[in-house]
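The values are calculated or read from the model by the stated rules, or taken from the named source; none is laboratory data. What you see is a predicted model; the values in this text were computed from it and never measured. FYI the Cβ positions are ideal-geometry reconstructions off the backbone, even for glycines, and counts take in every protein chain you see. Protein only, heavy atoms only, side chains kept; ligands, DNA and RNA dropped before computing areas. Shrake-Rupley method; radii C 1.70, N 1.55, O 1.52, S 1.80 Å.
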Amino acid sequence: MTMMDKIKETVVFLQEQGVENVDFGLILGSGLGELADEISNPVMIDYADIPNWGKSTVAGHAGKLVYGTLSGKKVLALQGRFHFYEGNPLDVVTFPVRVMAELDATGVVVTNAAGGVTHGPGTLMLINDHINFTGQNPLIGENLDAYGPRFPDMSSAYDKGYQATAKIVADRAGIDLQEGVYMGFTGPTYETPAEIRFAETIGADAVGMSTVPEVIIAVHSGLRVLGISAITNHAAGKQAELNHEEVVEVTTRIKGTFKTLIKQILEEI
Ligand code: HPA
């Protein structure tokens, strides 16, 4: 089956489950999936039941698609995303974004837990740009001309209007929202201290193992992107050691503020 046929098959399946018009896609990173619990009149679909869909294997990722209303907007939320390090090919990692675009979403809100290079644990960071350090690109291969151009312009991958709105909303809500550049690695190892010195030298503010592939496909599909990182730890070399438990613990601590921020931004965009 061609990629286009797969996208169409999945869209038809979702429509049969009650997914209608979508304003925004939400990609909820590690420990941030709870936002989907606040969606009203939810249609919930297990990933395992969706044709052409990947499998989510990381603890802290639920593996459910939730459709409904949040902040007055129709949203399609991924409670648990797919990572390249899980062994998913990038067309599987980014397939949900293709489906969101096919369902006529205007934009996508992409979130993640990330290591802080210039920001400390507990910070919420508005992503204003990224560095693709994965050595991969989900658009390698035949271009789907019906969806977007062969050579997409990444000059404004993260929508400037959404960024402006996010800052105004954070200010009004008294939420400290920092901003910066997200540098994407494949994982699953955390970075080495030398890699983090390199990341800092070339302008990264946060590092993580997701987001970049989805944002590339979103840009290709003409979706506007808002990216928010929850900084869960100082990146390697800036604190004694790194572990997933700390990432989960800090995410748990800041997810309330994270949810408030996203909900209020959704009201305004
Ligand atoms: N590096 C990469 N990914 C991460 C980190 C980190 O330090 N923290 C949370 N996700």
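Three principal axis extents describe the C-alpha atoms of the chain; from largest down they are 50, 40, 33 Å. All other residues whose Cβ lies under 15 angstrom from that of Ile196 are scored, Lys and Arg at +1 and Asp and Glu at -1, for a net of -3.
The lysines whose alpha-carbon is closer than 16 Å to the alpha-carbon of Lys160, local same-chain residues fewer than 8 away aside, do not include any residue.
The tail of the calculated P(r) for segment 62-189, taken as Cα-Cα distances beyond 25 Å, holds 34 percent of the pairs. Principal axis analysis of the Cα atoms in segment 118-269 yields extents of 46, 39, 25 Å, listed in decreasing size.
Each peptide in 140-149, 78-87, 182-191 was scored by the mean count of other Cβ atoms within 10 Å over its residues; highest first, the order is 78-87, 182-191, 140-149.
May I ask you to give the solvent-accessible area per residue for segment 38-197, in square angstrom, as obtained with a 1.4 angstrom probe?
Values: 6820 Å² over 160 residues.
Here the per-residue accessible area is 43 Å².
Using a 1.4 angstrom probe on heavy atoms only, work out the carbon and sulfur share of the accessible area of segment 128-205 in %. Carbon-and-sulfur percentage of accessible area, whole number: 53. The ellipsoid that matches the Cα gyration tensor of segment 177-242 has semi-axes, each √(5λ) in whole angstrom, of 24, 13, 11, with the longest given first.
Of the accessible area of segment 1-125, with the probe set at 1.4 angstrom, what percent is carbon plus sulfur? Summing carbon and sulfur atoms, their accessible area is 48 percent of the total for segment 1-125.
Please say if segment 1-97 is rounded, prolate or oblate, where rounded means a/c under 1.5 for a ≥ b ≥ c the square roots of the C-alpha gyration tensor eigenvalues, and otherwise the choice is prolate for a/b larger than b/c and oblate otherwise? Don't jump to the answer; show the numbers that get you there.
On the way: a/c = 1.96, a/b = 1.13, b/c = 1.74.
Oblate, because a/c is 1.5 or more while a/b does not exceed b/c.
How would Glu102, Glu214 rank on accessible area, largest to smallest, probe 1.4 Å? Please list the in-between numbers first.
Details: Glu102 60, Glu214 5 Å².
The most accessible residue leads, giving Glu102, Glu214.
Accessible area per residue was computed with a 1.4 Å probe on protein heavy atoms; Asp5 scores about 80 Å².
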